[in-house]
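Quick note: the coordinates plus some simple rules give every number you see, no bench work behind them. Keep in mind it's a predicted model, so treat the numbers as computed, not measured. All Cβ positions, glycine included, derive from the backbone under ideal geometry; neighbour counts span all protein chains shown.
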Amino acid sequence: MASRQVRPEADLWVGIDAGVEDEMTFAWITIEHKQIRGESRSASIMLPEQILFSIQQGRKLGDVMANIKHNEGAIGFFTNGLLSRTSVDQQALILALAHIQHEIYKELKVLHDS
């Protein structure tokens, strides 16, 4: 269920979803505020062949990574803790938020709606 449906009175609605495309994993971040929507994609990392094979067989990345039992997801595991899911998502979150916070995006929306 979308966060906007659960809390319609909120000021912001945020969605974070992991993805796999080709050989890479990443996260999509979406933020909505009134009629403005910001989206960003996190940094990505190539997945090892054995994990890609499991995904190609229909398993989800989260299920495959659960077997590894690493708290910071694939990013934390494959970078030996130098990066974490949180640190990578934080950058994407800030970038998605720029569409809502920065004046230039508001000005462009007004021009687009005209």
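Please work out how much length the chain gains when fully extended from Ala66 to Gln90, using 0.36 nm per residue of separation minus the C-alpha to C-alpha distance, in nm with one decimal.
Going from the current span to full extension adds 6.4 nm.
Determine the calculated [θ] at 222 nm for the chain from helices alone, applying -39500 (n - 2.57) to every DSSP H run no shorter than 4 residues and normalising by the residue count; nearest 500 deg cm²/dmol.
Here the helix-only value at 222 nm equals -12500 deg cm²/dmol.
Grab the eigenvalues of the alpha-carbon gyration tensor for the chain, scale each by 5, take roots, and send me the semi-axes largest first in whole angstrom.
32, 15, 13
Per residue of the stretch 14-21, what does 6.51 cos²θ - 1.76 cosθ + 1.60 with θ = phi - 60° give for ³J(HN,Hα)? Whole Hz please, x for Gly and Pro, Karplus curve as stated.
10, x, 10, 9, 6, x, 10, 9
Please report, largest first and rounded to whole Å, the three semi-axes of the ellipsoid equivalent to the stretch 8-47, where each semi-axis is the square root of five times an eigenvalue of the C-alpha gyration tensor.
Equivalent-ellipsoid dimensions as semi-axes: 27, 8, 6 Å.
Just add up the charged neighbours of Asp89: K/R +1, D/E -1, any other residue whose Cβ is under 14 Å from the Cβ of Asp89.
-1
If you keep only loop residues by DSSP, which trypsin sites (Lys or Arg not before Pro) in the stretch 6-50 have at most 15 other Cβ atoms within 10 Å of their Cβ?
The qualifying sites are Lys34.
Of the GluC sites (Glu not before Pro) in the stretch 29-87, which ones lie in a loop per DSSP and count no more than 14 other C-beta atoms within 10 Å?
When the GluC sites (Glu not before Pro) of the stretch 29-87 are filtered for loop state and at most 14 Cβ neighbours within 10 Å, nothing remains.
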